[in-house]
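A.B. asks: Would you mind keeping the following structure in view while I ask a few things?
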Amino acid sequence: MNLNEVHKRFSEDEQCLQYIAEMRWPDGVVRCPTCGNDKIVKVERSATSKNRRKWFYLCQESTCRQQFSPTSGTIFQDTHLPLIMWFQAIALVLNAKKGLSAMQLQRDLGIGGYKTAWYLYHRIREAMEEGTIPTLGGTVEIDETYVGGKMRGRGVKAAKAAKQVVMGAVERGGKLRLRHVANAQITTIRNFIDEHDSPDVERIMSDDNRAYPPALRPNLNDRHFTVNHITGEYVKRGTDITTNTIESVFSLFKRGIIGNFHQVSIQHLQRYLNEFSYRYNRRKEDPFTETVARLCGFSPLTYQSLISE
């Protein structure tokens, strides 16, 4: 869904609120977020301020009697931004192939402060955590890359030590996995492969990094194919053996850092990786509805908890 479609469909906050209710209770049965009771009544009231909604739900359970709205207990709870702005921000983030900076989001939406835009963006990223996901099969390309490490006046050794390792695996024509890992040692690579690759994978393709053969399970070595980048080989002649797909993903991510984010903190690096893999895995579909539904399933993320991680 592009920005124009969002504007046409959600021109008022009430429409956004109704949409959130549909995403949260798709069967049409509203349940109390406190006790789970489905005996609920809708209470109308006169709105005396712009942040006061015209109605709320009231739980009829005698021991509960909780007042709540469709946003209660979700990541939208207690937001001071209009829901229309949330929906516009979701559309902007999902359609930005290389991501966009919080500063750009602030300018595009006319948000008052940078911190507000940054906080909004990270709450949307929270919905881009895949959770439990199927392992990759078929032909899988694996590679590692390094992020950061530019430290003026600290020397090459210090800069190299500061670089963060990102492991990536992509199934040809399928899904992508990106993970911020501690290092590129054999045990780390083996754990990454065991977590994300199916034991029945048909082929695993990588560069000629010497850590890969011992990192693979013994029964996978006969399905391991490599290309030698040192000699300038990127596709083995006469075959489809290459790591160009995963390298293209890394290139896209780094262009996002250089051109949009400029720098990424270590503590939030995995969130940025989640954002890129989330968009990649849904590149052939419109993930707007799924993203709003996911946001409804996440509990509130406070600013303090975000900056203290």
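A.B. asks: Condition (residue is of a type in the set (A, V, I, L, M), more than 19 Å from Phe253 (Cβ to Cβ) and surrounded by 15 or more Cβ atoms within 10 Å (Cβ to Cβ)) applied to segment 113-126: is it met by at least one residue?
C.D. replies: yes
A.B. asks: In addition: Given the residues Thr289, Thr245, which is the only one that is in a helix (DSSP H, G or I), surrounded by fewer than 18 Cβ atoms within 10 Å (Cβ to Cβ), in contact (Cβ under 8 Å) with a residue 12 or more places away in the chain and among the polar types (S, T, N, Q)?
C.D. replies: Just one listed residue meets the conditions, Thr289.
A.B. asks: For Val41, indicate whether it is within 28 Å of Leu120 (Cβ to Cβ), more than 26 Å from the chain's Cα centre (by Cα) and modelled with pLDDT of 95 or more.
C.D. replies: In short, no.
Yes/no per residue for (1) farther than 28 Å from Ala96 by Cβ; (2) assigned by TED's automatic domain parsing to the domain that holds Leu120; (3) touching a residue at least 60 places away in the same chain (Cβ under 8 Å); (4) not in a loop (DSSP other than H, G, I, E, B):
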| site | (1), (2), (3), (4) |
| --- | --- |
| Ile20 | no, yes, yes, yes |
| Arg31 | yes, yes, no, no |
| Asn37 | yes, yes, no, no |
| Val43 | yes, yes, no, yes |
| Phe56 | yes, yes, no, yes |
| Thr63 | yes, yes, no, no |
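A.B. asks: Which ranges mark the helices (runs of 4 or more DSSP H) fully within segment 155-224 that have 1 or more residues being over 23 Å from Ser265 (Cα atoms) and touching a strand residue (DSSP E or B) at 6+ places or on another chain (Cβ under 8 Å)? It would help to see each step written out before you state the result.
C.D. replies: Working: elements: 155-162, 186-196, 212-215.
Of the helices (runs of 4 or more DSSP H) lying wholly inside segment 155-224, those with at least 1 residues that are over 23 Å from Ser265 (Cα atoms) and touching a strand residue (DSSP E or B) at 6+ places or on another chain (Cβ under 8 Å) span 186-196, 212-215.
A.B. asks: Return yes when Glu233 is without any contact (Cβ under 8 Å) to a residue 12 or more places away in the chain and within 13 Å of the chain's Cα centre (by Cα) and no when it is not.
C.D. replies: no
A.B. asks: Going by the conditions given, is Thr71 within 24 Å of Tyr303 (Cα to Cα), free of Cβ contacts under 8 Å to residues at least 24 places away in the same chain and not small (Gly, Ala, Ser)?
C.D. replies: Here the answer is no, as Thr71 does not meet what is asked.
The values are calculated or read from the model by the stated rules, or taken from the named source; none is laboratory data. What you are looking at is a predicted structure, and each value in this text was computed from that prediction instead of being measured. Counting neighbours? That spans all protein chains shown, and the Cβs are built from the backbone with ideal geometry, glycine included.
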